[in-house]
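A short write-up of the structure that comes next.
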Amino acid sequence: MTAALASPYRPGMGLDPPYLGDRAGQLRRFDGYLLDPGGAHNLVVTGLRGVGKTVLLNRYSAAAQTTGWEVIEREFSEPDSGPEAFAQVLISDLVGLARRLSVAQRLKAVASQLAAQVLDHLTTLSVSYGGIQVGLTPNGQLRSSVSRLEDDLREAFAALADLCVRSGRRGFVLRYDEFHVIQERGNSPTLSALLAATAAVQQRGIPVLLVLCGLPPLIENLGRSKSYSERMFRVEELGNLEPPEDRRSLTEPARLAGRAYDREVVERVMEDTAGYPFFIQLWGDSLWRGTAGNVVGVADYSALRPRILDALDRGFFDSRFARIGPKDRRILLAIAEHGERSPVAAIRSARGMANSQLQPTLSRLTRSGLVYRPERGVVAFTAPMFGSYLRRRA
Ligand SMILES: Nc1ncnc2c1ncn2[C@@H]1O[C@H](COP(=O)(O)OP(=O)(O)OP(=O)(O)O)[C@@H](O)[C@H]1O
Ligand SMILES: [Mg+2]
């Protein structure tokens, strides 16, 4: 075994790790949903940055496709979050599925005419959502195109699920990542239209499965848009990997590639990473590249650790820090003075701020995924060791 062999680790975003740790329960539950197309199953996948949400979603997609489901997938971003953009994006995803189905061999044989009609209708819709069209309601009031979104989605879901079944597929999965950016705003329904349309077709046994994924504010956004959302979704809350799966996630990729770890090294890496999936990949990758022998020993670890921390500072933490404005940095430093989490009251008194001044900043930092609230009155960093990084910088 030589270090020239490519590293088996996958530090990055959404990169499938060679050993998927601690997700057997989630995958088993999803498999159960796939076997029950009319069962009205929906999932919310949530967790802090880097815990492996996207990786799990990709596994969900693969499982769905191999069991005969169509999958619509998208990663949302801020520009998609306004009501018009949201409506447009959803409809265009449905157009994409209709196109795919309309060329499916099996469907061509049985219902090509129907497929063409559905596609035509959706394409027309897509054009109408392209500009902010304003029409008249039956009682003469003005309404924008987004207020019809729920009806249009309901009809489109039903028609597409029907096409899926006619083409020998089980149904379709809507799989949306980074979905915490979508919030209900005033009178322009976004989330509520999607939830209401999904619930309506599912009540008729129509095989649609909704998987929404994002940072924890997603849960709050859903709750605010429809009170029944709690009953619509099973929530898969992902966190750091638990023993013994955390250790396996480090040792298995190396073992499969022919290299072992000294037990002491495994324990130290677990202390450093706290089971945070992204860090396990990063540590594994650096130790792999920096070790020459067949066993990653304590001497290798001790020699490489400063380099790993340095790479972490430069690659991971610096880029996060660079995006933060000076006012927000002061707040983050106040948290770091307490370690990796701090009482909100302590930040207020350290910075001499009123609660009403501090809360908007904390909300902004939460939305951008840098901090979260593990319990009432407390804020904590989402990434392990961010506090110690900030203290080192200061
Ligand atoms: N179950 C797992 N076992 C081992 N490694 C994992 C696991 N899940 C994810 N990883 C690794 O963790 C890193 C982050 O994964 P991923 O991008 O899916 O996280 P995420 O939660 O989607 O993050 P973000 O919120 O930033 O989008 C990747 O390097 C991936 O290979
Ligand atoms: Mg992700």
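Side notes on the structure shown:
- Charge dipole magnitude, Cβ of K and R +1, D and E -1 - the chain, Cα centre, debye nearest 20: 420
- Alpha carbon centroid spacing (whole Å) that separates segment 313-357 from segment 7-21: 30
- Under DSSP loop assignment and at most 16 Cβ neighbours within 10 Å, longest trypsin sites (Lys or Arg not before Pro)-free interval of the chain: 50-203
- Antiparallel DSSP beta bridges within the chain, percent to nearest 5: 30
- Part-to-part distance (alpha-carbon centres) for segment 255-290 and segment 33-80, which is given in Å: 28
- More than 32 angstrom apart: percent of Cα pairs within the chain: 46
- Within straight-line cross-link reach of Lys53, lysines at Cα separation under 24 Å, skipping those fewer than 8 residues along the same chain: Lys226
- Kyte-Doolittle at least -1.0, axis length at least 30 Å by Cα - qualifying DSSP helices, the chain: 105-130
Read-outs throughout are calculated quantities, based only on the coordinates presented, and are distinct from any laboratory measurement. As the structure is a prediction and not an experimental result, all values here were calculated from the model. Please note: Cβ atoms are built from the backbone with ideal geometry, for glycine as well, and neighbour counts cover all protein chains shown.
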